[in-house]
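Q: One structure follows; several queries about it will come next.
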Amino acid sequence: MDICGGALSKVNLRVHVVDVDSITTNDNLSNFNCLFDIPPRDIATNAQSAEWGPSNTWTPTPTNDKIRLFTRMRVYQIPASDCRVDDNLSPQATITGAGDRFRDGTSSSAVANLRATGQNEFIRIDVELVQLLNPQGVAQTGKPCDPTGACDPFITAYLDADKPLASWPGPKTLPEFTKVFKASNTNSPIINKNITKTICGGSVNKLNLRVHVMDSDTLSHNDPIGDFACVFAVNYRLVAPDISSSDWMPTQDCIALNQKNDIRLQYRYRVYDIPQSECGIQFTPKNQ
Ligand SMILES: [Ca+2]
Ligand SMILES: [Ca+2]
């Protein structure tokens with residue numbers, strides 16, 4: 001038994017002994033209450049130096065003269081690191097990169113574990129489309145976008161927190177996607193457009209920025225260039241206290257869906273706290 005930051009003077013090792021029978025029902029043999037006092041002076045400094053105490057003899061409850069149980073005990077100090085409640089929630093398990101900022105100005109595991117629940121959050125998530133990489137100027141078929149000249153990429157997107165893992169296109173139809181970017185005669189445009197989601201007193205786990213890229217054509221139908229899923233999980237331990245101190249996460253590739261080409265789409269995101277007033281919960285004057 002580990003005691004992590006608490007006090008303890010008595011312990012009862014409650015023992016239940018049964019005779020196991022495979023054919024008939026088991027017979028209860030006896031129950032024991034093995035009560036120990038823990039004198040502070042008997043606590044060893046570590047497991048190596050901890051000696052077992054003398055053997056104690058216990059009679060069952062209710063009393064039975066024929067059955068005895070023998071126990072012994074040792075008590076020793078443990079390092080605080082043995083007291084981590086859940087290794088899966090330790091910051092070291094998921095936080096990478098020097099210079100990451102934590103809200104509350106700390107990286108202590110206690111605070112981090114509280115944040116990890118992500119309940120009742122007032123946060124904003126900015127997802128930035130960084131660049132489309134289509135050096136060969138091809139459409140979804142793998143053939144050139146246009147007979148002459150480069151592609152004319154037209155990008156629509158939907159930041160999906162409702163069914164982020166659902167198959168393409170997810171809960172919205174393509175015409176419901178938001179227009180994000182348009183360029184003419186450019187195969188690999190730098191996009192630098194943000195799509196934002198604000199969480200007002202709720203929670204969010206995974207997000208999927210669903211992106212639909214078309215080659216726009218004036219004389220004929222538009223050609224699809226590619227569909228992308230930019231999926232990530234919000235890490236509440238990396239939420240910045242405000243937008244000015246928030247760092248962008250490293251740029252990553254979105255997942256290309258159903259494409260006969262090697263076109264890439266890059267994105268990055270950042271997450272930061274917002275005042276509750278930005279959720280319309282309380283009135284604050286403008287230009288403050
Ligand atoms: Ca075309
Ligand atoms: Ca075109």
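Any read-out appearing in this document is the output of simple, stated calculations on the displayed coordinates, not a laboratory observation. Here the structure is a predicted model, which means the values were calculated and not measured. Note that we place each Cβ from the backbone using ideal geometry, even for glycine, and neighbour counts take in every protein chain shown.
Q: Percent of alpha carbon pairs in the stretch 189-267 separated by more than 13 Å?
A: Taking all Cα-Cα pairs of the stretch 189-267, the fraction more than 13 Å apart is 77 percent.
Q: For the residue pair Thr71 and Ile3, what label-to-label distance in nm results when each label sits 7 Å from Cα along the Cα-to-beta-carbon direction?
A: Each label point lies 7 Å from its Cα, and together they span 1.5 nm.
Q: Need the full-extension length gain, Thr45 to Asp247, defined as separation in residues times 0.36 nm minus the C-alpha distance. One decimal, nm.
A: This chain segment gains 68.3 nm when fully extended.
Q: Hey, what do the phi angles of the stretch 32-47 turn into as Karplus ³J(HN,Hα) couplings, whole Hz, using 6.51/-1.76/1.60 and θ = phi - 60°, x for Gly and Pro?
A: Each residue of the stretch 32-47 in turn: 10, 10, 9, 9, 10, 8, 10, x, x, 6, 8, 7, 6, 6, 7, 5 Hz.
Q: Just how far, in whole angstrom, is the stretch 115-179 from the stretch 240-267 if you go by their alpha carbon centroids?
A: 10 Å
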